[in-house]
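Engineer: Here it is, the structure, as structure tokens.
The values are calculated or read from the model by the stated rules, or taken from the named source; none is laboratory data. Note that the structure is predicted; figures quoted are calculated from it, not measured. Virtual Cβ from ideal backbone geometry, glycine too; neighbours counted across all protein chains shown. Keep in mind that these areas ignore ligands, DNA and RNA; they rest on the heavy atoms of the full protein, side chains included. Shrake-Rupley method; radii C 1.70, N 1.55, O 1.52, S 1.80 Å.
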Amino acid sequence: MNDLNLSNSVRESVISPLNGLFWPCVRSAIFVVVVTGVIYPLLTTGVAQRVLPQQANGSLIEKNGVTVGSAVIGQFFTDMRYFHPRPSTTMGPDPHDAGKMIAVPYNAGVSAGSNQGPTNQALIDTVAQRVIDYRKINDLPANALVPVDAVTASGSGLDPHISVANAQAQAARVAEARGLTFSQVQQLLTQHIEGRVLGLLGEPRVNVLILNIALDSLPVSADAAQIIDK
Amino acid sequence: MELNLLDFAAVLATMTSLAVIMGRWLARAFESKNHWLVERLSYRALGVDPGERMGWARYGLALLLSNAAMMALGYALLRLQSVLPLNDLGNPAQSPDLAFNTAASFITNTNWQSYAGESSLSNATQMVAITYLMFCGATAGVAVAGAFIRGLARTSSQDIGNYWVDFMRVLWRVMLPLCFVMALVYVWQGMPQTLSSWTIATTLEGVRQQLILGPVASFETIKHIGTNGGGFFSMNAAHPFENPTPLTNTLHILSMLLIPSALTVTFGLLLSKKRQGWVFFGAFLVMFTGFLALVYGAEQAGNPLLTRAGADQVISSTQPGGNMEGKEMRFGIADTALFVTTTTGATTGSVNAMHDSLTPLGGLVPLAQMMLNCVFGGDGVGFINLIQYAILTVFLAGMMIGRTPEFLGKKIEAREIKLVMLSVLVHPASILGFTALASLWPDTGASLANHGPHGFSEVLYAYTSGTANNGSAFAGFNTSTPFFNTTIGLAMLIGRFLTMLPMLAVAGSLAAKKTVAAGPGTFPTATPLFMGLLVFVVLVVGGLTFLPALALGPLVEQLQMLAGHLYS
């Protein structure tokens, strides 16, 4: 068997187990904090800020000089003219009573999931209510099954994406509210489907914020404008 | 469906090739006679002699004392948060019991968190306390695995290496370079890396949205490569800033598996028994694949109660279907299932979905893997745990044929078996003992987020995660009470050191033995038969010990779910 001595000038240790370990242990704590807690993150920050400043600062999206959000963080939409994101269970302080926490969907200051288990009555009741609301908003038949991502809360509460099925189910409602033709919205939606990475990883999905920004910049068609006028 | 299976196959194939490369690199780091310049400077800074040979007791003490010093420093820095810089949000310092819990959790590679990162830590403490302790715990774990393998490889020797050399080599040759490169890939994919703490966006609907930023990428790398798992943000790797794309998700998975899988190759190289190394790798892989199939199947099948409520859980080309509660759209079911299996197999504890919201059988998988604690296992310790089961396997095989068992050419005798059994028994004793205590504790009910069998699963999960040094949680369960902070903290320390130290003693004991030539009565351990037997022993020992507890939690809940029984 090969000998795995670490150095040729090894010194046989006749030291008792504890002897001389105190200061090296204290020094190791200080030395390693400087290397891994200070130098490493600062060096990484320096290089990242120089080479990839857009992503390193949060992938922020600007519109007319105003930061409207981050490309990777979801935000809340209730307007009928926009595609709606998945349910979010994040909380925030009540504006009327700072001591009280209330539901503030897509509060990126404190991420949160529901953490409700599969046999939790509250979870099933909440989902059933969301299904009813979703059918009503999108004018779906009363027995239509709703894409599961549209009625379940994400893990982070900040999910920026919805499934393609979920987006398609909302397209007609968005077109009507905006006075656009269905095919216009459908076309824009198709352009905004993000595929699997390398054709393999993850799921096909639609980034709600980016799609809604694209919707806002779409010109209203002549046909649709006439319909609105009437 | 087919794409999902192809996804799994591609990830596991990539893991295998990376294991070979990293395994060789680690073997060189453990064996090399040359010190790098930075390493020599490190020894000088520490005031240690890299030539000193350490017996297992001295090696273990160096590990224990330096970790204690690191934990104390981490504790102090957490307590001083309010006077440290980079605290734009003005977060107060952690309380004494919380800071103790946090420091103990991160130094033991558990990374259980009783706090929400983005709303309570500053960028300074995320760096100098959390990132720092993650490096310490993981590097120490790999160093000990190196000493352990060396102990198995040596004959008639009193020393198993030098702790400082092992620690510094793992730090400088593996952890730091890998983390630096990976951090830049992560930033490219959309992870923030800045010293500023926040920015404000005005959403399209005119609402103010506060975005929390910080040195996230440099944190995420060591979190996964080091099988640590504590989140920068409360929702961990489900948070888009911690895991922005399916690519980062896959890199997280490969990072977690990297060192645990590579150590089987390192072992094969250092002992000149490559086949034996692959047998261990195979045992890991068989268990991993089985658990992956279970959680993927359960989550894809979904929750029948959601279908009854009107949700469409059928997989199609336009949606992943399945149980999407607590999951992120970009990962869907398949990449979530792969992450769940990896994070609890490799005892990282990072989560990309809320485990509390998994289906009962889906939630059983992380529980069972942490109970077995050797489906790849954490950096260093996973391999040591598997060897512990391997020694148990040759012992049982030896009993059956009435001969003194041998393992790797060494006689396994009473002393080794006693130490192995101490390590094997401490794990379930801590998990089941604390769970029993908590089940009787009058205030436990108030901490539960879910009731019925799922409530019991929440308690069981907390102590399993703590003892296995995992750190993931059924996170609805509120553990920030003095009772839970203390008992889970104790479970973490017991789980870490009362399994690591006995096994280090086994290594020391085996290193001192002579090699015996293999005879006709020797049970060959580098065969598929031994692999099967090893997996069998792991499952039977784990199964017999934990099955009653699992029956009370996830198994009952599965039946209740199918029967449509709800708990409020």
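Engineer: Please compute, for peptide A:158-169, the average count of beta-carbon atoms on other protein chains lying within 10 Å of each residue's beta-carbon.
Structural biologist: The per-residue average across the peptide is 5.
Engineer: Using a simple charge model, +1 on the beta-carbon of Lys and Arg, -1 on the beta-carbon of Asp and Glu, nothing else, what dipole does the stretch B:2-272 show about its Cα centre, in debye to the nearest 20? Write out the running numbers ahead of the final one.
Structural biologist: Details: 14 positive and 14 negative charges, 180 e Å.
Charge dipole, the stretch B:2-272, about its Cα centre: 860 debye, nearest 20.
Engineer: For all pairs of alpha-carbon atoms in the protein assembly as shown, what percent lies in each bin of width 20 Å, listed from the first bin to the last filled one?
Structural biologist: Percent of pairs per bin, in order: 17, 50, 28, 6, 0.
Engineer: Let me ask something additional. Full extension from residue B:155 to residue B:446: what is 0.36 nm times the residue separation minus their Cα-Cα distance, to one decimal in nm?
Structural biologist: My answer for the length gained is 99.2 nm.
Engineer: Evaluate the distance, in nm, between pseudo-label points positioned 7 Å from the Cα of residue B:490 and of residue A:62 along their respective Cα→Cβ axes.
Structural biologist: 5.7 nm
Engineer: Could you let me know the centre-to-centre spacing of the stretch B:139-193 and the stretch B:35-107, using Cα atoms, in angstrom?
Structural biologist: Each part reduced to its Cα centre gives a spacing of 16 Å.
Engineer: In nm, to one decimal, how far is the modelled label at residue B:97 from the one at residue B:567, with both set 7 Å along Cα→Cβ?
Structural biologist: 2.5 nm
Engineer: Separate question: Per DSSP helix of 4 or more residues, -39500 (n - 2.57); summed, then divided by the residues of chain B. What does that give at 222 nm, rounded to the nearest 500?
Structural biologist: It lands at -20000 deg cm²/dmol.
Engineer: Between residue A:49 and residue B:516, what's the calculated FRET efficiency when r is the beta-carbon distance and R0 is 45 Å? Round to 0.05. Numbers along the way, then the final one.
Structural biologist: Working: r = 60 Å, r/R0 = 1.34.
With R0 = 45 Å, the Cβ-Cβ based efficiency is 0.15.
Engineer: Sticking with this structure for a sec: List, largest first, the extents of the alpha carbons of chain B along their principal axes, each in whole Å.
Structural biologist: Dimensions of chain B along the principal axes of its Cα atoms: 75, 56, 49 Å.
Engineer: Can I ask one more? Applying the Karplus parametrisation 6.51 cos²θ - 1.76 cosθ + 1.60 with θ = phi - 60° to the phi angles of the stretch B:528-545, what ³J(HN,Hα) value in whole Hz is obtained for each residue in order, glycine and proline being reported as x?
Structural biologist: x, 4, 5, 4, x, 5, 4, 4, 4, 4, 4, 5, 6, 4, x, x, 4, 6
Engineer: Another question, then. So what does residue B:120 come to for accessible area, using a 1.4 Å probe and Å² rounded to 10?
Structural biologist: In the full protein context, residue B:120 sits at about 30 Å².
Engineer: With a Förster radius of 45 Å, plug the Cβ-Cβ distance of residue B:25 and residue A:214 into 1/(1 + (r/R0)^6) and report the FRET value to the nearest 0.05.
Structural biologist: For R0 = 45 Å, the calculated efficiency reads 0.45.
Engineer: Another question about this same structure. Would you please give the residues with an amide H less than 5 Å from that of residue A:67, counting only those at least 5 places away or on a separate chain, with H modeled from the backbone geometry?
Structural biologist: Answer set, sorted by chain and number: B:202.
Engineer: With every protein chain present, what is the per residue accessible area of the stretch B:431-568 (1.4 Å probe, Å²)?
Structural biologist: Values: 5290 Å² over 138 residues.
With the other protein chains kept in place, the stretch B:431-568 gives 38 Å² per residue.
Engineer: Also: For the stretch B:375-421, what number results from the quotient of the Cα radius of gyration and 2.2 N^0.38 Å? Mind showing how you got there, number by number?
Structural biologist: Working: Rg = 11.4 Å, N = 47, 2.2 N^0.38 = 9.5 Å.
Here the Cα radius of gyration is 1.20 times the empirical estimate.
Engineer: Extension gain residue B:286-residue B:37, at 0.36 nm per residue separation less the Cα-Cα distance, in nm? Numbers along the way, then the final one.
Structural biologist: Numbers: separation 249, 0.36 × 249 = 89.64 nm, distance 4.15 nm.
Result: 85.5 nm gained on full extension.
Engineer: Rounded to the nearest 20 Debye, what is the dipole magnitude of chain B about its Cα centre when Lys and Arg each give +1 and Asp and Glu each give -1 at the C-beta? Don't jump to the answer; show the numbers that get you there.
Structural biologist: Details: 28 positive and 27 negative charges, 453 e Å.
It comes to approximately 2180 debye.
Engineer: Over all residues in A:212-218, what is the mean tally of Cβ atoms on other chains that come within 10 Å of each residue's Cβ? Walk me through the numbers on the way to the answer.
Structural biologist: On the way: counts 3, 1, 0, 1, 1, 0, 0.
Per residue, the number of nearby Cβ atoms from other chains is 1 on average.
Engineer: Another question, then. Determine which residues of the stretch B:265-294 fall in the zone a paramagnetic label at residue B:16 would reach in this model, i.e. backbone nitrogen under 16 Å from the point 7 Å along Cα→Cβ.
Structural biologist: B:265, B:275-290
Engineer: With each run of n ≥ 4 DSSP H residues scored as -39500 (n - 2.57), what mean residue ellipticity at 222 nm is computed for chain A after dividing by its residue count and rounding to the nearest 500 deg cm²/dmol? The partial results should precede the final answer.
Structural biologist: Numbers: 8 runs with 86 residues, N = 230.
Helix-only estimate at 222 nm: -11000 deg cm²/dmol.
Engineer: I want to check the label-to-label distance for residue A:145 and residue B:480. Put each point 7 Å from Cα in the C-beta direction and report it in nm to one decimal.
Structural biologist: Between residue A:145 and residue B:480, the label points sit 4.0 nm apart.
Engineer: For the Cα atoms of chain A, what angle does the longest principal axis make with the long axis of helix A:164-178, in degrees from 0 to 90, nearest 10?
Structural biologist: The angle comes out near 50 degrees.
Engineer: Using heavy-atom solvent-accessible surface (probe 1.4 Å) with all chains present, what is the largest-first order of B:274, B:514, B:411, B:33? Please report the intermediate quantities before stating the final value.
Structural biologist: Numbers: B:274 125, B:514 150, B:411 75, B:33 100 Å².
Ranked list, largest accessible area first: B:514, B:274, B:33, B:411.
Engineer: Evaluate peptide B:191-201: per residue, the Cβ atoms of other protein chains within 10 Å of its Cβ; return the mean as an integer.
Structural biologist: For peptide B:191-201, the averaged partner shielding equals 6.
Engineer: Sticking with this one: Have a look at B:332, B:224, B:441 and report the one farthest towards the positive end of the charge dipole of chain B, computed about the Cα centre with Cβ charges (Lys/Arg +1, Asp/Glu -1).
Structural biologist: B:224
Engineer: Enter the Cα centre distance for the pair the stretch A:167-202 and the stretch B:497-531, rounded to the nearest angstrom.
Structural biologist: Cα centroid to Cα centroid, the span is 60 Å.
Engineer: Counting only residues 5 or more places away or on other chains, whose amide H sits under 5 Å from the amide H of residue B:91 once H atoms are built in the peptide plane?
Structural biologist: none
Engineer: Order B:237-247, B:519-529 from most to least packed using the mean count of other Cβ atoms within 10 Å. Could the numbers behind the result be given before it?
Structural biologist: On the way: B:237-247: 26.9, B:519-529: 12.8.
In decreasing order of mean packing, B:237-247, B:519-529 become B:237-247, B:519-529.
Engineer: With point charges of +1 on the Cβ of Lys and Arg and -1 on the Cβ of Asp and Glu, referenced to the Cα centre of the stretch B:17-57, which listed residue (B:20, B:41, B:51) lies farthest in the positive direction of the dipole?
Structural biologist: B:20
Engineer: Here's something else I'd like to know. Pairs of lysine in the protein assembly as shown with Cα under 25 Å and at least 8 positions apart or on different chains: total?
Structural biologist: Going through the protein assembly as shown pair by pair, I get 22.
Engineer: When the dipole is taken about the Cα centre of the stretch A:54-179, and only Lys, Arg (+1) and Asp, Glu (-1) are charged at their Cβ, what size is it in debye, to the nearest 20?
Structural biologist: So the dipole magnitude of the stretch A:54-179 works out to roughly 200 debye.
Engineer: Apply the Karplus parameterisation 6.51 cos²θ - 1.76 cosθ + 1.60, with θ equal to phi minus 60°, to every residue of the stretch B:435-444 and state each ³J(HN,Hα) to the nearest whole Hz, in sequence, with x for glycine and proline.
Structural biologist: Values, residue by residue: 5, 4, 4, 5, 5, 8, 5, x, 8, 4 Hz.
Engineer: Calculate one ³J(HN,Hα) per residue across the stretch B:223-231 by plugging θ = phi - 60° into the Karplus curve 6.51 cos²θ - 1.76 cosθ + 1.60, and present them in order as whole Hz with x for glycine and proline.
Structural biologist: 4, 9, 4, x, 6, 8, x, x, x
Engineer: Something else about it: Using the beta-carbon distance between residue A:42 and residue B:404 and R0 = 51 Å, what value does 1/(1 + (r/R0)^6) give for FRET efficiency, to the nearest 0.05?
Structural biologist: 0.35
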